Each structure stands twice: as C-alpha cells, then as structure tokens.
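A.B. asks: Quick one: the structure is below, and I'll ask about it shortly.
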Amino acid sequence: MVTYAELYRDVRAALLENEGVNASQTARELLCAASGLAAADILAGRELAADEQAVRRVREFVRRRLAGEPLAYILGEWDFCGMTLTVTQDVLIPRDDTMAVTELAMKKALFLEQNPRILDLCAGTGCIGLAIARRVKDARVTLGELSPGAIRVAKRNIADQKLSGRVSCISVDVRKPAARFLGTFDMIVSNPPYVTTAEMAELDPSVRDFEPQMALHGGADGLDFYRVIVKNFLPALRPGGYVCFEFGMGQHEAVSAILEAAGCAVLQTRQDTGGIIRAVLAQYKREEA
C-alpha cells in the first residue's frame, strides 16, 4: 500500500534530475491527472491509500515524461489565454509566444464593423481563433485546418468553450485557392509553419520527436506558407481587410516584404515576452470591384 503523500514524493524524486525546480509542480500535475483528483483533495487525503489504477497511471506518466514527451501531451490539455484546451500530438502545444499575434488580432478585431468574420488558418487547437471569439463577442470565426486529427481537436475545443454558435472548423488546404463558398472575411489570422529546413534538424527533441512536423516545417527558408496564404487567401479578404501573422525569430522583415508585395500596408508589429518581434498586422488595399 502506498499513500498519496508517498506517491507524490516518489514521483517528485523520479523527476528531480530532469525537471529541476519544476519537479514539484510537474509531480502534482501528473498525480492529479492520474488520479482525477484536484490538488486540494490529494493534500487533504495525503495519508490515504492511493488508488491502484492511479499508481499505475502516474508511473506510466513519469516514464513518458522522462522519455522527453512534453507535459501537455501527457496531461492531454494546456492553458492558453484563459482557456484550458484539449491537446494531442496532432496539434502544436499553444505557447506564450503566440499571445503576441493573438493580442494583436484581438485588439484590431474589437474595432472592426459589427459581426466581423475572421478566418484562422493553420488553426491547430484553434487557440487563436477561440481567444478572439471569447474577447470579441459578436465575431464569427472560421478555423481552417488540413490535418484530420487537428480538426477533431479544434472541434472539441470549440464545444468545450461553448462557442459552437459563433465558431466553426472546416478542412482548408492553404496551398490551394480559397474556396468561393467561404465568402469574404474582415480579418485573416494565422500561425503557419515557419521552421526552416535547416532548423528542423536542430529542434529540441521534445519538439522534433513529438510535435507534428506538418505544423512546423515552413520550407527551405521557412516562408512557404506566408507566400501561399497571401497568394490564395487575400482574395477572400474584403477591401480594407486585415492580415495578422505570427512568424519566427528574425523573419519579420521577410514576412512584411511578402505582404507589401501583395498590396498590403504593414501597420504594426508586436514583440513576444522575450522581446522578439513575433507578429505583424497589415491591411489589404485591394480596391472595391
């Protein structure tokens, strides 16, 4: 028989070398996920015998964590912008870096005309589009994603956030021209794949070995998806509509040049919490037909 207190100490000790100062927090999160109990309940019952199934599950979780699997995939969820989102290996884990493009898009969306239509391309979990829909109460958001697994995750997140009335998720291949049935949008926002071919080989193993490569690799220079989105989806923007992109470190000038060459005026860039320019907002200057 092992008590919850003993199990917590065992898990923390097993994680200590790999997790360092985060070992205690990670141990609590894994034990909560394995047992289905809140941290307060485990603390209150720390001298009680741990459920055998919970013991087996938490030991399996520890094995996976020590093998390098990201915590988000083990837990099956991750927090972003006040939301707890379902996360699987079909989608990228939402990161703090993505708050830059999310906040930039939200700020502009608040001042769009009533009931704005917003398209989130390469949506993954749907974190950007869902955050916008939660903040902009009259926004109608379409999540566009190609991966069937990612679409399933995004649809679950739409339902969990109780946004099914204003947010939908459809299969979209950004490498092909926007389908006419999509209509026109007031804003397109995207965090597309932007890791270069050379950088793919140098990624941290926790990213390279577990996160979906189709959501990471952006071609030789990392810019393939910006080019095709601008080519294929600017026609789906209303005249004067907005484009908001996330990109990698050092890519802001190249992405801005792609937008400007397509007839967009760059309005603003935004840094992430590390001071790296991470997002751009541009306005499409296409004339009314």
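The values are calculated or read from the model by the stated rules, or taken from the named source; none is laboratory data. Remember, predicted model here, so these are calculated numbers, not experimental data. FYI the Cβ positions are ideal-geometry reconstructions off the backbone, even for glycines, and counts take in every protein chain you see. What goes into the accessible areas is simple: the full protein's heavy atoms, side chains included, and nothing from ligands, DNA or RNA. Shrake-Rupley method; radii C 1.70, N 1.55, O 1.52, S 1.80 Å.
A.B. asks: What's the angle, to the nearest 10 degrees (0 to 90), between helix 4-19's Cα axis and the longest principal axis of the chain?
C.D. replies: For helix 4-19, the angle is close to 50 degrees.
A.B. asks: Averaged across orientations, what area in nm² does the convex hull of the alpha carbons in the stretch 103-195 project?
C.D. replies: 6.0
A.B. asks: Between Lys162 and Met1, what length comes free when the chain is fully extended (0.36 nm per residue of separation minus the Cα-Cα distance, one decimal in nm)?
C.D. replies: Computed gain between Lys162 and Met1 is 53.8 nm.
A.B. asks: Then there is this: Just to be sure I understand the model, the point goes 7 Å from the Cα along the line to the Cβ. What's the resulting Met214 to Leu110 distance in nm?
C.D. replies: With each label point 7 Å from Cα toward Cβ, the separation is 3.6 nm.
A.B. asks: Still on this structure, I have one more. Would you mind getting the accessible area per residue of the chain, heavy atoms of the protein chains only, 1.4 Å probe, in Å²?
C.D. replies: Ligands and nucleic acids excluded, the result is 49 Å² per residue.
A.B. asks: Regarding the stretch 36-192, what are the three Cα extents along the principal axes, ordered largest first, in Å?
C.D. replies: 59, 31, 26
A.B. asks: For the chain, with a Gaussian network of springs between Cα atoms less than 10 Å apart, report the residue from Ala49, Ala27, Ala215 with the top mean-square fluctuation.
C.D. replies: Of Ala49, Ala27, Ala215, the most mobile in the Gaussian network model is Ala49.
A.B. asks: Counting other Cβ atoms within 10 Å, which trypsin sites (Lys or Arg not before Pro) in the stretch 6-95 have at most 16 and lie in a DSSP loop?
C.D. replies: Arg46, Arg95
A.B. asks: Right, here's the next one. If you take every DSSP beta bridge whose two residues both sit in the stretch 168-289, what share of them, in percent to the nearest 5, is antiparallel?
C.D. replies: 65
A.B. asks: Let me ask something else about it. Taking the Cα-to-Cβ direction at Lys231 and at Arg152 and moving 7 Å from each Cα, how far apart do the two end points lie in nm?
C.D. replies: Each label point is offset 7 Å from its Cα along the Cβ direction, giving 3.2 nm.
A.B. asks: Another question, then. Report the antiparallel proportion of the DSSP beta bridges in the stretch 66-171 as a percent, rounded to a multiple of 5.
C.D. replies: 30
A.B. asks: Continuing with this model, one more query. Using DSSP, restrict attention to beta bridges with both residues in the chain and report what percent are antiparallel, rounded to the nearest 5.
C.D. replies: About 45 percent, rounded to the nearest 5.
A.B. asks: Over the chain, with every protein chain in place, what whole percent of the accessible area is carbon and sulfur at 1.4 Å, could you tell me?
C.D. replies: About 50 percent, which is the carbon plus sulfur part of the accessible surface.
A.B. asks: Only Cα pairs within less than 10 Å get springs; with that Gaussian network setup on the chain, which residue of Ala131, Ala67, Ala279 has the largest fluctuation?
C.D. replies: Ala67
A.B. asks: Additional query: So, taking all protein chains as they sit and a 1.4 Å probe, how much accessible area belongs to Ser171, in Å² rounded to tens?
C.D. replies: 80
A.B. asks: Round to the nearest 10 and give me the degree value, 0 to 90, for the angle of helix 99-109's Cα axis relative to the longest principal axis of the chain.
C.D. replies: The angle comes out near 40 degrees.
A.B. asks: Quick check: the angle from helix 252-261's long axis to the longest principal axis of the chain, C-alpha only, nearest 10 degrees?
C.D. replies: Roughly 30 degrees between the two axes.
A.B. asks: To continue, here is another question. Just flag the chymotrypsin sites (Phe, Trp or Tyr not before Pro) in the stretch 61-144 sitting in loop per DSSP whose Cβ has no more than 16 other Cβ atoms within 10 Å.
C.D. replies: Here the sparse-neighbourhood loop sites are Phe111.
A.B. asks: What is the percent of Cα-Cα separations in the stretch 154-289 that go past 22 Å?
C.D. replies: Within the stretch 154-289, distances greater than 22 Å cover 45 percent of Cα pairs.
A.B. asks: Just by accessible area at a 1.4 angstrom probe, what is the order of Ser24, Ser190 from largest to smallest?
C.D. replies: Ser24, Ser190
A.B. asks: Continuing with the same structure: Take a quick pass over the chain and tell me how many lysine pairs come in under 29 angstrom between Cα atoms, counting only ones 8 or more apart or on separate chains.
C.D. replies: Number of lysine pairs found: 19.
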